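Reviewing the structure listed below.
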Amino acid sequence: MDEETVSDYVERSLSLVESSPQMDEQNTRSRLIDPFIRDVLGWDFYSTEIEMEYSVQMGSSKKKVDYALFADGSPALFVEAKGCDTTITDAYADQLRSYMRQEWVDWGLLTNGKTFAVFRLKKDGATPDVERLGESDLADLTANDWMLAALSKESIQSGASTEIYQRVERRRQAISTLSEEKDDIADSIRETVVDRVGEVVSQPAESLSKTLVDDLIAELERDQNDSRVDDETDTHSSDPATTTGRSDESGSYVVELLTEAGSTFVSGESQSDVMEETVDLLVENHGLIEAYAPLPYVPGQKIAMLNDEPNHPNGDEMRTYRQVGGDYYVYTSLNKKDKKRHLRNFADACGVDIDFTGEW
């Protein structure tokens, strides 16, 4: 999945939603949902891969699915579209589920252009069931790699989407097993350690083994819900939730800048808040702007990561950015992995070592 394509789509779509938050279904489909299916997921509207208003026989009547996307001559993904002026509800989700069960379609997407909910058909019982795998807001799509990959034309037509689903299911099952059998698993860990080391470690191993199981559950849940825990918002202003000059264990995301003079810590609950504060420190204290002069700093071809105006080189506004150093702007519409990568590059450009702890 091309990150730049997704970022461009998100920025453009956020701008359209902001300018017309009450778009009806027709305009939402043409401005937001069609481009998502075509540009982000890679489906071709000028082929037989997509059928609009696909008929589904429901009892004695026929219903219409907004989009049916095909693989090997059969629908593999149903997309139900609503307008930006419509809230995604359980009733709409149940409607999509019924269509998927009736036609045995593996994948489903319910969206109003602002929220994207993904569904998967389970065929392991006598009666097919449809589960809701995940949900993402528009601004979080760049952090939602697994969802985009699963619904892409390439993955669905090659069968790779099934492997993605299986990985998600294995993680869910692991979380369920760890949660339901926590005490037994912790006891087994303690017994193994005692057998290898001796009774002297029995007491500390008892509490630490339970902590280990809790940590495993938390790590799996973070991986599974990565797109939802990144609390990115389309904001043009700072909402400082960070601390500097010390390590704050209460923050979910912690960055340490290390120089000969010592360490500076930045921490907070929001990745973008921490990214903003870290870049601000690099600008104010370590010559980041000079390292990348003249601005804009464009590591690819289109997206400016750092600029002296909140725009990309083509003139498009950075729809998700933070102001740093008083007069500069850093682009933050990135997933966690890419935030770390760009922060490390910024620190390297300044000759500063950087370390990441917490939920990074």
Å² per residue, accessible surface of the range 42-154 at 1.4 Å:
42
Computed E for residue 359/residue 30 - FRET, C-beta separation, R0 41 angstrom, nearest 0.05
0.60
I'd like to know which of 144, 113, 91 lies farthest towards the positive end of the charge dipole of the chain, counting +1 on Cβ of Lys and Arg and -1 on Cβ of Asp and Glu.
91
Could you put 45, 78 in order of accessible surface area, largest first, with the 1.4 Å probe and the full protein assembly present?
45, 78
Round to a whole angstrom and tell me the spacing of the C-alpha centers of the range 9-62 and the range 297-360.
31
Using heavy-atom solvent-accessible surface (probe 1.4 Å) with all chains present, what is the largest-first order of 92, 297?
92, 297
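Do the sum for the chain: with -39,500 (n - 2.57) for every DSSP H run of n ≥ 4, divided by all residues, what is the mean residue ellipticity at 222 nm, to the nearest 500 deg cm²/dmol?
Numbers: 12 runs with 147 residues, N = 360.
Calculated from helices alone, the mean residue ellipticity at 222 nm is -12500 deg cm²/dmol.
At a threshold of 8 angstrom on Cα-Cα distance, excluding pairs fewer than six apart, so keeping six or more, what relative contact order does the range 68-207 reach in percent?
Working: 168 pairs, mean separation 19.4, N = 140.
Relative contact order comes out at 14 percent.
At 18 Å minimum axial length over the Cα atoms and a Kyte-Doolittle cut of -1.0, report the qualifying DSSP H helices in the chain, or say none.
Values: long enough: 3-19 (24 Å, -0.41); 90-103 (20 Å, -1.47); 160-180 (30 Å, -0.95); 182-197 (22 Å, -0.53); 202-224 (33 Å, -0.59); 271-286 (21 Å, -0.44); 336-349 (20 Å, -2.01).
TM-like helix candidates: 3-19, 160-180, 182-197, 202-224, 271-286.
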For labels at residue 39 and residue 188 in the simple 7 Å Cα→Cβ model, what's the distance in nm?
4.9
Calculate, for the range 164-224, the solvent-accessible area per residue in square angstrom, rolling a 1.4 angstrom probe over the heavy atoms of the protein chains.
67
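With every protein chain kept in place and ligands, DNA and RNA left out, what is the accessible area per residue of the range 259-319? Probe 1.4 Å, answer in Å².
Values: 2750 Å² over 61 residues.
On a per-residue basis, the range 259-319 sits at 45 Å².
Relative contact order of the range 63-116: what whole-number percent is it, with Cα pairs under 8 angstrom and at least 6 residues apart?
On the way: 77 pairs, mean separation 20.9, N = 54.
Result for the range 63-116 is 39 percent.
In percent, what relative contact order does the chain have, based on Cα pairs under 8 Å that are 6 or more apart in sequence?
On the way: 608 pairs, mean separation 44.4, N = 360.
Dividing the mean separation by the residue count of the chain yields 12 percent.
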Once residue 170 and residue 208 are pulled to full extension, the length gained, defined as 0.36 nm per residue separation minus their Cα-Cα distance, is 11.2 nm
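Rounded to a whole number, what % of the accessible area of the range 37-144 do carbon and sulfur atoms account for, probe 1.4 Å? Each step should come with its number before you reach the end.
Values: 1890 of 4470 Å².
The nonpolar share, carbon plus sulfur, comes to 42 percent.
Measure off, as a whole percent, the carbon and sulfur share of the 1.4 Å-probe accessible area of the range 267-360, all protein chains present. Present the calculation step by step, with values, prior to reporting the outcome.
Values: 1460 of 3860 Å².
Of all accessible area on the range 267-360, carbon and sulfur atoms account for 38 percent.
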Nearest-20 debye value, the chain charge dipole, Cβ charges on Lys, Arg, Asp, Glu
1220
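The values are calculated or read from the model by the stated rules, or taken from the named source; none is laboratory data. Not measured: the values here are computed from a predicted model. Counting neighbours? That spans all protein chains shown, and the Cβs are built from the backbone with ideal geometry, glycine included. These area figures cover heavy atoms from the full protein model, side chains too; ligands, DNA and RNA do not enter into them. Shrake-Rupley method; radii C 1.70, N 1.55, O 1.52, S 1.80 Å.
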